[in-house]
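My structure is below; once you've seen it, I'll send some questions.
The values are calculated or read from the model by the stated rules, or taken from the named source; none is laboratory data. These numbers come from a predicted model, not from an experiment. As a convention, Cβ positions derive from the backbone with ideal geometry for all residues, glycine included, and neighbour counts pool all protein chains shown. Ligands, DNA and RNA are excluded from the accessible area calculation, which covers all protein heavy atoms including side chains. Shrake-Rupley method; radii C 1.70, N 1.55, O 1.52, S 1.80 Å.
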Amino acid sequence: MKKSIIIYGSQYGTTKRYADRFSEITGIETVSYQESKNIDRYDRIIFMGALYAGSVLGLKKTISKMSPKQELVIVTVGLVDPIDPENIDYIRHSIKERIPADLYDETRIFHLRGAIDYSQLSLKHRMMMAVIHSKLSKMPEEKLNAEAKTILATYGKKEDFVDFKSLEKLGSVIQ
């Protein structure tokens, strides 16, 4: 059996919730990417990262600590429904641009739906979302993609789309 660790990058806690729950299900140790050390002793890195502005929080730093012999599984957590093909393509393209090609080709990638609570956002993130919302609200409906529609529908609200049952598929692939 491969020795694995769950490393997560979570800004507001949703990704940590998934990582902690997956740890409960599998018995695999979990640690924040900021606190991860000596990860080269693991055969498999299961990286769970929050999606922010086209990147996966903590992924680059985690990959920089990996050795070439390690297996990588990436699990993204974002607000937009992860079954939307356009969204998946965008996420995977973003990941592909940020990690070495040979590693990307060998990496299994999964997508989970997250949550947002505007009352908990930092001032910087609230301002960023206000600008995005303003821009999107001026666009014609037919030009809006799934991500834009989700941003408009959840703006200023507290929405929680976390689905721990979605971890079952990940668990069956990992074990």
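Give the residues of the range 18-62 that are touching a strand residue (DSSP E or B) at 6+ places or on another chain (Cβ under 7 Å) and of a type in the set (S, T, N, Q), sorted by residue number.
Within the range 18-62, S23, T30, S32, S36, T62 meet the criteria.
Sticking with this structure for a sec: Would you check which residues across the range 11-24 are over 13 Å from the mean Cα position of the chain (by Cα) and open to solvent by less than 90 Å² (accessible area, probe 1.4 Å) and list them?
At the first step, the residues of the range 11-24 found to be over 13 Å from the mean Cα position of the chain (by Cα) are 20-24.
Within the range 11-24, D20, R21, F22, S23 qualify.
Still on this structure, I have one more. Those residues that are of a type in the set (F, W, Y), open to solvent by 70 Å² or more (accessible area, probe 1.4 Å) and outside any helix (DSSP H, G or I), I need them from the range 147-175; list them, please.
Scanning the range 147-175 gives a single hit, Y155.
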